[in-house]
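For reference, the structure is listed below as structure tokens.
Derivation of every value follows stated rules applied to the coordinates shown; laboratory data play no part. Small disclaimer: the values here were computed from a predicted structure and weren't measured. Every residue, glycine as well, gets a Cβ built from its backbone with ideal geometry; the counts of neighbours run over all protein chains shown.
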Amino acid sequence: MIPKDRYPSDVKILRVVSINVNGLRSAHKKGFFDWLEQSDADVICMQETRISEHQWTDTFKPEGWHAHLFEAQRAGYAGTAIYSRLPFLHIQDGLGFELADTQGRFTVATLDVGLEKPVDIASLYLPSGSSGEEAQLRKDHFLAQYKQLLQQWRQQQRSIIVCGDYNIVHKRIDIKNWSGNQKASGCLPHERAWLDHIYDELGYVDTFRTVRQEAELYSWWSNRGQARAKNVGWRIDYQACSPDWKERTLNAWVYKEQWFSDHAPVIIDYKIA
């Protein structure tokens, strides 16, 4: 990750970060908000915040940030949040179906970043199916309903960046143990085909891969078997963007110098001037 002032003086950057914090209170104890102040980030999209509104005190609202939390109805579970240096023009919580809306799995902020039209930047926490068949069925149901909305947004020519923990790897390059996980949730053929559809047919862009083609750039590691130390990871955290953001993508990183969660921050710099 490079400081934004390293870019030419006539280049203006929008730095967007996505991270599953695995509990905002836990991430705070690990120095997440100290890093936030040093990150040069303009927008931070968080997933699995696992905090209720009454617990979301000023401790978790640093000065200089506009912050919005969409909590799950179940305490200590799921949830998303967006923190922005730019003021929110509009905030919308939920996707209009039960699994997304009762568990705080999607929130979107409309921001004026100085382009011809405002951009919507969303935080998405897609369900995991790893706990069993019922969980996988719920995940598949979410994918089917969410895909219809993604198609609708493209038809509306909506300018959008959907940051989040998608709980799906896309291609062989995105997972260390490809062969051993073909029957594991998150690497199932129909899940990867779902990503193929939104990228190849609907026209969304995996902007990280626009500028970073290397293997072994993962964003999540199991807490078992020294997976992190051995870099046995999965790339399941994305910024899936409408096509107008492809040519604006300048740089992308997975930040691993500090650990706030079992996920690492995914950082992408977009040129807005």
Could you tell me the calculated FRET efficiency between Q55 and S9, based on Cβ-Cβ distance and R0 = 51 angstrom, to the nearest 0.05?
0.75
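Hey, what did the range 68-188 get for relative contact order, percent, Cα under 8 Å, at least 6 apart?
Details: 195 pairs, mean separation 24.5, N = 121.
20 percent.
Would you mind putting 263-269, 99-105 in packing order, based on average other-beta-carbon counts within 10 Å, highest first?
On the way: 263-269: 25.1, 99-105: 20.7.
Output ranking for 263-269, 99-105: 263-269, 99-105.
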Can you quote the Å³ per residue value for the convex hull of the Cα atoms in the range 30-175, rounded to an integer?
153
Net length gained if the chain between H68 and Q182 were fully extended (0.36 nm per residue, minus Cα distance):
37.3 nm
Dipole magnitude of the range 201-249 about its Cα centre, charges +1 at Lys/Arg Cβ and -1 at Asp/Glu Cβ only, in debye to the nearest 20?
320
Give me T107, T207 ranked fewest to most by other Cβ atoms within 10 Å of their Cβ, as a rough exposure proxy.
T207, T107
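Using only Cα atoms, what is the ratio of the radius of gyration of the range 202-273 to 2.2 N^0.38 Å? List each step's numbers first, then the result.
Details: Rg = 13.5 Å, N = 72, 2.2 N^0.38 = 11.2 Å.
Dividing the Cα radius of gyration by 2.2 N^0.38 Å gives 1.21.
Per DSSP H run of at least 4 residues, take -39500 (n - 2.57); add these up for the chain, divide by its residues and hand me the 222 nm value, nearest 500 deg cm²/dmol.
On the way: 6 runs with 54 residues, N = 273.
Calculated mean residue ellipticity at 222 nm is -5500 deg cm²/dmol.
Taking a ≥ b ≥ c as the square roots of the eigenvalues of the Cα gyration tensor of the range 11-271, is the shape rounded (a/c under 1.5), prolate (a/b larger than b/c) or oblate? The partial results should precede the final answer.
Details: a/c = 1.21, a/b = 1.12, b/c = 1.08.
Rounded shape, in that the Cα axes give a/c under 1.5.
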Charges on Cβ only, +1 for Lys and Arg, -1 for Asp and Glu, centred on the Cα centroid of the range 2-138; of P118, H54, L95, which one is farthest towards the dipole's positive end?
H54
Taking +1 at the Cβ of each Lys and Arg and -1 at the Cβ of each Asp and Glu, which of A229, T207, S179 sits farthest along the dipole of the range 126-273 towards its positive end, judged by Cα position relative to the Cα centre?
A229
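Using only C-alpha atoms and all pairs of different ones, pull out the Kirkwood radius for the range 154-217 in Å with one decimal.
Details: mean 1/r = 0.0767 Å⁻¹.
Roughly 13.0 Å, rounded to one decimal.
Taking only C-alpha pairs under 8 Å that are 6+ residues apart, what is the relative contact order of the chain in percent?
Numbers: 591 pairs, mean separation 56.8, N = 273.
Rounded, it is 21 percent for the chain.
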Per residue, what volume in Å³ does the convex hull of the Cα atoms of the range 120-238 enclose?
108
